[in-house]
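J.: To start, I am sharing the structure in question, which I have written as structure tokens.
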Amino acid sequence: QRRDPPSRCEFYEGVVKHVRRAPLRHDFSYPVRYCLLELDDALPPPCCASQVSDRMSATDVRALTGCDDARVSLLLLPASAGYQQNPLCVYYCRDRETGALLSCLAEVTNTPWSDRVSFAFNPLSPEVPKPMHVSPLQDMEGCWHLDASPPGEALRLSVRCVHPKLGDFFFASLEAYRLPEGGVAHSERWAWLMPHRVTAWIYWHAALLLWRGLSFHSHPRTVDGDAFKSRACKLAERVAGMVCPAGMARG
């Protein structure tokens, strides 16, 4: 049987968990499959090839993080059947000699509007002001706290939302484990309908929360048009390395 051509990609399988503590309690989790791509490699696996041109290059990431000689890898959900869904992608900058994690860069895309914002962060849980309307079930108040472990046999990533009124009200995490080398012969089969399933879980639980009475927050552009973009960029300026790339402009 024909196999994928070789590429510098590691395949992970794990679980995403969401915990909302206020104003309603709601928890859920779902299985996921992720790819960790070496961006200096010109040959991504077939399940990710369509996404690479829409993401930052290794050169872009090195410029934003200040890690001029780092090796850059990108963690993302693989595409399937012409569809992609990546609420959060993470770029890891690692020392070329030791593999030590030097810095990270997060790329957040909101659902369902597809605005996008990117920012560099120290892997040890920094505080980042919210620069975008990330969800219709949250307002833009408060901060994100991110924590990332160096990718290896295991991979862990978490995001907390701290709100001025609701406190530490939201937590999301990814815990995944690397598959053995050669464990994925056909990446597109392995990734089959992965982004579709993630989208279904997101919308299903959003519907449950709305049914239970959680408030719906309209996109800021419905209130004052494109003024939200300048506010987002002003917030971005408060954090070193934060940018609002083309995806934000499309929003």
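J.: Here are labelled values, [x] 17.9, 58; [y] 17.3, 50; [z] 19.7, 72, and one is the computed Rg and Dmax of the Cα atoms in Å for what I pasted. Which one?
T.: [x]
J.: Now a separate question. R0 = 22 Å: FRET efficiency of E97 with S50, Cβ-based, nearest 0.05?
T.: Efficiency for this residue pair is about 0.10.
J.: Name the long-range amide H neighbours of L88: under 5 Å, sequence gap of 5 or more, or other chain; modelled H, no Pro or chain starts.
T.: It is T109, by chain and number.
J.: Determine the shape class of the stretch 74-156: with a ≥ b ≥ c the square roots of the Cα gyration tensor eigenvalues, call it rounded for a/c under 1.5, and otherwise prolate if a/b is greater than b/c, oblate otherwise.
T.: It comes out oblate by the Cα gyration axes.
J.: Provide the gained length on full extension for the span T111 to H219, in nm with one decimal, where the gain is 0.36 nm per separating residue minus the Cα-Cα distance. Intermediate values should be presented prior to the final figure.
T.: On the way: separation 108, 0.36 × 108 = 38.88 nm, distance 1.06 nm.
Length gained between T111 and H219: 37.8 nm.
J.: Hey, another quick one. How far is helix 227-237 tilted off the main Cα axis of the chain, in degrees rounded to 10, range 0 to 90?
T.: 60
J.: Let me ask something additional. Give me, ordered by chain and number, the residues 5 or more places off F169 or on other chains with an amide H under 5 Å from its own placed amide H.
T.: C161, H163
J.: Do any GluC sites (Glu not before Pro) in the stretch 55-152 lie in a loop, going by DSSP, with at most 13 other beta-carbon atoms within 10 Å of their beta carbon, and if so which? Don't skip to the answer; put the middle values down first.
T.: Details: sites: E97, E107, E127, E141; in loops: E97, E141.
Sites meeting the loop and neighbour criteria: E97, E141.
J.: Could I ask something else about it? GluC sites (Glu not before Pro), restricted to the stretch 147-184: which are DSSP loop and have at most 13 other Cβ atoms within 10 Å?
T.: Filter output for the stretch 147-184: E153, E181.
J.: Still on this model: Quick check for me: using +1 on Lys/Arg Cβ and -1 on Asp/Glu Cβ, what's the dipole size of the stretch 17-71 about its Cα centre, in debye to the nearest 20?
T.: Working: 8 positive and 8 negative charges, 131 e Å.
In debye, rounded to 20, the stretch 17-71 gives about 620.
J.: What distance in nm separates the simple spin-label points at C143 and D40, each placed 7 Å from Cα in the Cβ direction?
T.: It works out to 3.4 nm between the two label points.
J.: Along the charge dipole of the chain, Cβ charges K/R +1 and D/E -1, which of T65, C104, H217 sits furthest on the positive end?
T.: H217
J.: Determine the dipole magnitude for the stretch 58-132: charges of +1 sit on the beta-carbon of Lys and Arg, -1 on that of Asp and Glu, nothing else is charged, the reference point is the Cα centre, and the result goes in debye to the nearest 20.
T.: On the way: 6 positive and 8 negative charges, 29 e Å.
I would put it at about 140 debye.
J.: When only the heavy atoms of the protein chains count and the probe is 1.4 Å, how do V184, V162 rank by accessible area, highest first? Spell out each step's value before the answer.
T.: On the way: V184 25, V162 45 Å².
The ranking, largest first, comes out as V162, V184.
J.: Multiplying the sequence separation of D168 and S29 by 0.36 nm and subtracting their Cα-Cα distance, what value in nm do you get?
T.: Result for the pair: 48.1 nm of gain on full extension.
J.: Something else: As a test question: what accessible area, to the nearest 10 Å², does C89 have when a 1.4 Å probe is rolled over all protein chains in place?
T.: Its heavy atoms expose roughly 0 Å² to the probe.
J.: Please work out how much accessible surface C93 shows to a 1.4 Å probe, ignoring ligands, DNA and RNA, in Å² rounded to 10.
T.: Its accessible surface works out to 0 Å², give or take rounding.
The values are calculated or read from the model by the stated rules, or taken from the named source; none is laboratory data. These numbers come from a predicted model, not from an experiment. A quick note on method: Cβ atoms are made from the backbone with ideal geometry, for glycine too, and the neighbour counts reach across all protein chains shown. Ligands, DNA and RNA are excluded from the accessible area calculation, which covers all protein heavy atoms including side chains. Shrake-Rupley method; radii C 1.70, N 1.55, O 1.52, S 1.80 Å.
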